[in-house]
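Visitor: Take this structure, written in structure tokens, and hold onto it; I'll ask about it next.
The values are calculated or read from the model by the stated rules, or taken from the named source; none is laboratory data. Computed from a prediction, not measured in an experiment: that's the story for all the values here. Every residue, glycine as well, gets a Cβ built from its backbone with ideal geometry; the counts of neighbours run over all protein chains shown.
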Amino acid sequence: MRGILLGTDLVDVAEVEHALRTFGDRYLARIYTSTEIAYALASPSETARRLAARFAAKEATIKALRASDVGVDPRSIEVTRAPDGACGVALSGGAAVAARRAGAHSLAVSMSHEGSFAIAVVVGERAGGSVSRLSTHARRRGAHRR
């Protein structure tokens, strides 16, 4: 049986703007990979929103992997971009270890920003995982049929 891993996070863009003004390059280097920084800085008017969306994706990934107690370095979670603009998540170091521990077979990310907020949702598939009791119970009761 397989299970679903799910994480979401909402970030106030103003908090990222404040961190950029207060800590500058130290903030960037502590949270983001060089590729993420280059992408965000390529559009100065969008920098804070792009970073906020990536921060949300990192947090959502940690939640999906149930790794909030492990202390995963945010730079071990990189938001990638395909040539067509689609985003993905690449894991290394502690994040990759957390993914193996969670049995994550694959992860997908969706990000958006509007006004002063950025949001990300990460969905993963757990190979060999078990389905939650709630969805098992719903299946037995026929709740999955409409």
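Visitor: Within the range 71-97, how many residues are in a strand (DSSP E or B) and under 20 Å from residue 125 (Cβ atoms)?
Guide: Within the range 71-97, the subset in a strand (DSSP E or B) is 77-81, 87-91.
Filter again for under 20 Å from residue 125 (Cβ atoms), leaving 77-80, 87-91.
Matching residues across the range 71-97 total 9.
Visitor: Enumerate the helices (runs of 4 or more DSSP H) found wholly within the range 1-50, keeping only those where 3 or more residues are at pLDDT 95 or above and more than 19 Å from the chain's Cα centre (by Cα).
Guide: Working: elements: 13-23, 25-31, 34-41.
By residue number, 13-23.
Visitor: Restricting the search to the range 77-102, which residues are of a type in the set (Ser, Thr, Tyr) and without any contact (Cβ under 8 Å) to a residue 24 or more places away in the chain?
Guide: Narrowing the range 77-102 to residues of a type in the set (Ser, Thr, Tyr): 80, 92.
Across the range 77-102, the qualifying residue is only 92.
Visitor: Could we say that residue 92 is more than 22 Å from residue 17 (Cα to Cα), of a type in the set (Ser, Thr, Tyr), surrounded by 18 or more Cβ atoms within 10 Å (Cβ to Cβ) and in contact with a helix residue (DSSP H, G or I) (Cβ under 7 Å, 6 or more places away or on another chain) here? Quick ask: steps written out before the conclusion?
Guide: Working: more than 22 Å from residue 17 (Cα to Cα): yes; of a type in the set (Ser, Thr, Tyr): yes; surrounded by 18 or more Cβ atoms within 10 Å (Cβ to Cβ): no; in contact with a helix residue (DSSP H, G or I) (Cβ under 7 Å, 6 or more places away or on another chain): yes.
No.
Visitor: Any chance the range 28-51 includes a residue that's surrounded by fewer than 18 Cβ atoms within 10 Å (Cβ to Cβ) and in contact with a strand residue (DSSP E or B) (Cβ under 8 Å, 6 or more places away or on another chain)?
Guide: Restricting attention to the range 28-51, the residues satisfying the condition of being surrounded by fewer than 18 Cβ atoms within 10 Å (Cβ to Cβ) are 29-30, 34-35, 38, 41-46.
Then keep just the ones that are in contact with a strand residue (DSSP E or B) (Cβ under 8 Å, 6 or more places away or on another chain); that gives 35.
Checking the range 28-51: at least one residue is surrounded by fewer than 18 Cβ atoms within 10 Å (Cβ to Cβ) and in contact with a strand residue (DSSP E or B) (Cβ under 8 Å, 6 or more places away or on another chain).
Visitor: Here is a further query. Got a sec? Which of 75, 81, 50 is more than 21 Å from residue 94 (Cβ to Cβ), of a type in the set (D, E, K, R) and touching a Ser or Thr at 6+ places or on another chain (Cβ under 8 Å)?
Guide: Values: 75 fails: more than 21 Å from residue 94 (Cβ to Cβ); 81 fails: touching a Ser or Thr at 6+ places or on another chain (Cβ under 8 Å).
Every option except 50 fails the conditions.
Visitor: Of all residues in the range 98-144 being among the aliphatic types (A, V, I, L, M) and farther than 30 Å from residue 12 by Cβ, which is modelled with the highest pLDDT?
Guide: As a first pass, look at the range 98-144 and keep what is among the aliphatic types (A, V, I, L, M): 98-99, 102, 104, 107-109, 111, 118-123, 127, 131, 134, 138, 143.
Restricting the remaining residues to those that are farther than 30 Å from residue 12 by Cβ gives 127, 131, 134, 138, 143.
Details: 127: 78, 131: 45, 134: 37, 138: 37, 143: 41.
Among residues in the range 98-144 that are among the aliphatic types (A, V, I, L, M) and farther than 30 Å from residue 12 by Cβ, the one modelled with the highest pLDDT is 127.
Visitor: Now for a different question. Checking the conditions here, which among 110, 106, 68 is within 22 Å of residue 4 (Cα to Cα), part of a loop (DSSP other than H, G, I, E, B) and hydroxyl-bearing (Ser, Thr, Tyr)? Spell out the reasoning first.
Guide: Working: 110 fails: part of a loop (DSSP other than H, G, I, E, B); 106 fails: part of a loop (DSSP other than H, G, I, E, B).
Testing whether each residue is within 22 Å of residue 4 (Cα to Cα), part of a loop (DSSP other than H, G, I, E, B) and hydroxyl-bearing (Ser, Thr, Tyr) leaves just 68.
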